[in-house]
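What follows is calculated from the coordinates using simple rules that are stated; it is not laboratory data. Small disclaimer: the values here were computed from a predicted structure and weren't measured. Cβ sites come from the backbone with ideal geometry, for glycine too, and all protein chains shown count toward neighbours.
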Amino acid sequence: MLYQTVLLHMQNALAHDRSVSGAYYVLTGKQSIQTIQDAKLFRLESYYGIYRSLKKQTYMKQVKKLEDTGLLQAKTTDNHFELTDEGRGFLRDHGKLLQDYFFQGIHYHTFDRIFYKRLSLFVQVWTNAQQNNPTYIPVVDDPSITNWVKQKYRQLKQPASVYLSKLYEEFNFVFESLQVNEALHIWVRQLTGYKRIGLTEQQLAVEYKKSAADINLLTTSINHMLLNQINADTSKLPLLSLIAAQEGTASRLTKSAQKTAQLLPSHSLEEIAQERCLKLNTIYDHIVEISLYEAQFPLERFVPPPVQIQIEEAMKQAGSWKLKDIKALLPEQIRYFDIRLVLTHVQSHIDKGVTQSG
């Protein structure tokens, strides 16, 4: 039910401007500037990358199922769908689900599974160490995770029972106000301990009469809630904070965009493209990406104010976020690059509650 509700909510937001693939790209966290910008433009940042393992074929089967049950209907435009009256009714009836679960995909999509794997392995290591059992198969086979846990485990000098007790206390602190108890049970039952094998998504789906997709999203929701609480109460959650530690300075920019950002103060875009042996359009993509995350982005450096006004007027006239529709209403010399930057600028002001004047 959660997965179905998320899909309908996302499709409702995107239907007029994006094909049905748009929601898939946001859900799976596609690393493209268009998808990241879509997540921001259509206020779907929370859902960005929350279901990275979702296969396109599986997703399209769910879309077909929603169509067959009368909740979605195909539009005349290829691969575009919109909610039916029944679909909008379903969303009204079940929309509270989206408030009951916590997603912060734009913040945690690159780290949530790493955190959960570290935590799962630590639980397995400590519960077996407490029982003096050195022979077991690690629940995680990712060398980057196992090596990290081994390193940290050697630095922790107290008995395993001490850390299990501390972990229990910290979990109690985090979860005491959590009302979605079923999601918590599902999350816990995936953990492997001494002589206790965690259940798979498929096993849990059968037991709780949910889809495997629901189990995946419920797990992600608890992970995001945990990470959010850890960031808010680091001093009260020292053990979880250790497990959630991220080495280095976190940046939401791709590595390539970071390099462009470093050159930006002293180089023109053409010079950056030449120095980095990249196409100018790639540098344009980097600038759009930087504009998504930089609060004081210098829009005027790239798009003169008169052009900004023209683009904003075209946006209002088009009544759409679709680049092609906006471009068709503008002089030929105004680039898609200009439009994308202004779209980001306008959306950031809407998010801050600033009314755009025309």
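Filter LYS117/LYS150; LYS117/LYS259; LYS30/LYS56; LYS55/LYS195; LYS30/LYS259 down to the pairs with a C-alpha to C-alpha distance above 23 Å, please. Checking Cα-Cα distances, LYS117/LYS259; LYS55/LYS195 exceed 23 Å.
More than 26 angstrom separation, counting every C-alpha pair in the chain; what % is that? List each step's numbers first, then the result.
Values: 37612 of 63903 pairs.
Counting every Cα pair in the chain, those more than 26 Å apart make up 59 percent.
Spatially, the range 12-56 and the range 206-236 are offset by 20 Å when compared through their Cα centroids. For the chain, build the charge dipole from Cβ charges (+1 Lys, Arg; -1 Asp, Glu) around the Cα centre, then report which of TYR293, PRO305, SER165 sits farthest towards its positive end. Of the candidates, SER165 comes out farthest on the positive side. What is the list of residues in the range 121-139 whose amide nitrogen lies under 18 Å from a point 7 angstrom out from the Cα of GLN202, following Cα to Cβ? Within reach of a label on GLN202: no residues.
What's the Kirkwood radius of the range 2-100 in Å, using all Cα pairs? Before the final figure, lay out each step's value.
Working: mean 1/r = 0.0746 Å⁻¹.
Final number for the Kirkwood radius of the range 2-100 is 13.4 Å.
Basic side chains Lys and Arg get +1 at the Cβ, acidic Asp and Glu get -1 at the Cβ, and with that the dipole of the range 130-212 about its Cα centre reaches some 320 debye. Working from Cα pairs under 8 Å separated by at least six residues, relative contact order for the range 197-316 is 14 percent. Projecting label points 7 angstrom from Cα along Cα→Cβ for GLN262 and LYS279 puts them 2.5 nm apart.
Value of Rg to Rh for the range 200-281, rounded to two decimals, is 1.25; Kirkwood radius and Rg both from alpha-carbon coordinates. Using Cβ point charges alone (K and R +1, D and E -1), the dipole size of the range 2-100 about the Cα centre works out to roughly 360 debye.
Placing unit charges on the Cβ atoms of the charged side chains and taking the dipole of the range 129-220 about its Cα centre, the candidate lying farthest along the positive direction among TYR136, GLY198, TYR208 is TYR136. For the peptides 256-266, 151-161, 16-26, the ranking by packing is 16-26, 256-266, 151-161, with the highest mean count of neighbouring Cβ atoms within 10 Å listed first.
Which of ALA39, ILE50, GLN73 sits closest to the plus end of the dipole of the range 28-137, meaning its Cα is farthest towards the positive end, when Lys and Arg get +1 and Asp and Glu get -1 on the C-beta? Projecting each Cα onto the dipole axis, the largest value belongs to ILE50. So for the chain, averaging the separation of alpha carbon pairs under 8 Å that are six or more residues apart and normalising by length, what relative contact order in percent results? The normalised contact order for the chain reaches 16 percent. By the compact-protein rule of thumb, 2.2 N^0.38 Å, the alpha-carbon radius of gyration of the range 113-175 corresponds to a ratio of 1.11. Dividing the helix sum by the residues of the chain, where each DSSP H run of 4 or more adds -39500 (n - 2.57), gives a mean residue ellipticity at 222 nm of -18500 deg cm²/dmol.
One Cα centroid belongs to the range 145-198, the other to the range 267-285; the line between them spans 47 Å.
With Cα atoms as the point set, the range 51-194 shows a radius of gyration and Dmax of 21.3, 65 Å.
What is the ratio of the Cα radius of gyration of the range 112-243 to 2.2 N^0.38 Å, where N is its residue count, to two decimals?
1.05
In a simple Cβ point-charge model (Lys, Arg +1; Asp, Glu -1; nothing else charged), the chain has a dipole of about 1020 debye relative to its Cα centre.
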